[in-house]
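The values are calculated or read from the model by the stated rules, or taken from the named source; none is laboratory data. Bear in mind the structure is a predicted one, so any value in this text is a computation, not a measurement. Methodologically, a virtual Cβ is constructed for each residue, glycine included, from the backbone with ideal geometry; neighbour enumeration extends over all protein chains shown.
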Amino acid sequence: MNALESNRYTEAWRLFGASVPKPRAILMISAHWYTNATAVTAMERPRTIHDFYGFPQELFDVQYPAEGAPDVAEMVADVVKPTWVGQDVDSWGLDHGAWSVLLHAFPDASIPVVQLSLNAFKNFDHHLELGRKLASLREQGVLIIGSGNIVHNLRAVDFQQRDSGFDWALRFDEVAREKLETDPSEVAALDGHPDFRRAVPTPDHYLPLLYIAGLADGAPLDLLVDGHAAGSISMAAYTLGMSRDVPAPHNEEPAANLPDGFPTLESNL
């Protein structure tokens, strides 16, 4: 629902988009393309995917008509060799983990977008290393965005905590922040933290962070915005290597509510 609303998180994404030099293309790494292989979208016009249910029709009506970038998809495959990256020309597109952020950061959809899948069979160190290998794309004008959540436990959501988090969620979010603001690569070792299993019951929403940590290669990240929603979801966002500061959002509205009947018990994916 954040895709349709204005709050402090969506304003932070908007201010971020307005603060970066216009990139040649965007590489999105979304929690919602969690599959059995590493692949990148390589079609000319990626479709807008509505990969959810239980939400209002107006969310299903959203389109994000950005062009694809087959040449950038080839670059992605090249820089991570010998890891194999499939060129997806007709299967995926832009899922809601991608377009719900891009709608606010780059609302005119004028920048080509490719999306990288998350290989569910690989460990944290593999994803961290892929992020390191992707870093050279930034020097060629490609903006890399990870879209997920440091804390994401749908089975634990508490609709009464619209703008706050459980103690375990706050603790894990804080220790992740300490790592990200010193040596981001250390977030790959947080699976030993006492609160990890509740904060990260499935790896899909955590994995995009590892790519950004890999990109950083030891350089600290900067906090863009932080906060929590529904007790068990972290809304923190970070930036890397911004040439100028992103203005702080003035909007104090919390994250959008999940709709009545949202299927919280069926999946965390």
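For the range 16-39, which residues satisfy the criterion of being hydrophobic (A, V, I, L, M, F, W, C), closer than 19 Å to ALA109 by Cα and crowded, with 21+ Cβ neighbours inside 10 Å?
PHE16, ALA25, ILE26, LEU27, MET28, ILE29, listed by residue number.
Among residues belonging to the range 198-236 that are in a strand (DSSP E or B) and out of contact with any Phe, Trp or Tyr (no Cβ under 7 Å at 6 or more places or on another chain), point out the one that is nearest to ILE150 (Cα to Cα). Even if it seems obvious, please write down each step before you answer.
Keep residues of the range 198-236 that are in a strand (DSSP E or B), which gives 222-225, 228-229, 231, 233-234.
Next cut, out of contact with any Phe, Trp or Tyr (no Cβ under 7 Å at 6 or more places or on another chain) only: 228-229, 233-234.
Values: HIS228: 10, ALA229: 12, ILE233: 8, SER234: 6 Å.
Checking each candidate, the answer is SER234.
Scan the range 49-62 and give yes if some residue there is crowded, with 22+ Cβ neighbours inside 10 Å and farther than 18 Å from SER136 by Cβ, otherwise no.
No, there is no match, as no residue in the range 49-62 is crowded, with 22+ Cβ neighbours inside 10 Å and farther than 18 Å from SER136 by Cβ.
Considering only helices (runs of 4 or more DSSP H) fully contained in the range 50-156, which possess at least 3 residues that are out of contact with any Leu (no Cβ under 8 Å at 6 or more places or on another chain) and in contact (Cβ under 8 Å) with a residue 12 or more places away in the chain?
In the range 50-156, 70-79, 96-105, 124-134 are the helices (runs of 4 or more DSSP H) which contain 3 or more residues that are out of contact with any Leu (no Cβ under 8 Å at 6 or more places or on another chain) and in contact (Cβ under 8 Å) with a residue 12 or more places away in the chain.
When the residues of the range 94-137 are filtered to those that are buried (at least 21 other Cβ atoms within 10 Å of the Cβ) and aromatic (Phe, Trp, Tyr), which remaining residue is nearest to the chain's Cα centre (by Cα)?
TRP99
When ALA37 is evaluated against the numbered criteria (1) in contact (Cβ under 8 Å) with a residue 12 or more places away in the chain; (2) part of a loop (DSSP other than H, G, I, E, B); (3) within 19 Å of ALA135 (Cβ to Cβ), which criterion, by number, is the only one it fails?
(3)
Under the condition of being part of a loop (DSSP other than H, G, I, E, B) and of a type in the set (A, V, I, L, M), which residue from the range 40-49 is modelled with the lowest pLDDT?
ILE49
Look at the range 145-174 and say how many of its residues are over 13 Å from ARG198 (Cβ atoms) and of a type in the set (A, V, I, L, M).
1
Being of a type outside the set (Asp, Glu) and modelled with pLDDT under 95 is the filter; apply it to the range 157-184 and report the residue that is surrounded by the fewest Cβ atoms within 10 Å (Cβ to Cβ).
Selected residue: GLN160.
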